[in-house]
1. Ordered by packing density, taken as the mean number of other Cβ atoms within 10 Å over each peptide's residues, highest first, how do 84-90, 114-120 rank?
2. Here is the link list: K45/K149; K45/K131; K34/K149; K79/K115; K115/K149. Which ones come out longer than 21 Å on Cα distance?
Amino acid sequence: MKRIIFAVGLVVLAFGVAVLARTQTQSVEQELIKLEQDWTNADLKNDWAVLDRILAEDYILTDSNGNVWTKAECLSLGKSGEDVVTSLASDDVNVHVYGDAAVVMQRLTIKETFKGEDVSGQYRTTDTWIKLAGRWQCVATHSSRIAQK
């Protein structure tokens, strides 16, 4: 009888831990989706302070042409007016959490001029997030242009 009670107790405990872990994961997913939205809003408003906070110091962007950009280069291009975003929307957002790391994949539809060239279109992006010093920061982005049919 004691063994049955002990076994039932273990099952209840395991279930409780699983529910708690799922609830925490959902909370992190929502936090990351909000950070992605904050990033979108900052791009549209040229809010460099928000971007500076969201992007880790060693942030790297690999663009759809295979070029690699540092955080400083990305912020500098935006501040200079060489990279202008006038419209940006995301959909098909998927978040995968791995403890203090996470990956956010999404489709972006953007109206953008980069160094005088219209680079508007749809892109698939993958953002890699790490929890650093108690807050989430993006450490890497990879962007691929979606071919228009």
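Read-outs: derived from the displayed coordinates by stated rules, not from any lab. The structure presented is a predicted model; accordingly, all values stated were derived computationally and were not measured. Neighbour counts run over all protein chains shown; Cβ positions are idealised from the backbone, glycine included.
1. Result, highest mean first: 84-90, 114-120.
2. Too far apart for the 21 Å limit: K45/K149; K45/K131; K34/K149; K115/K149.
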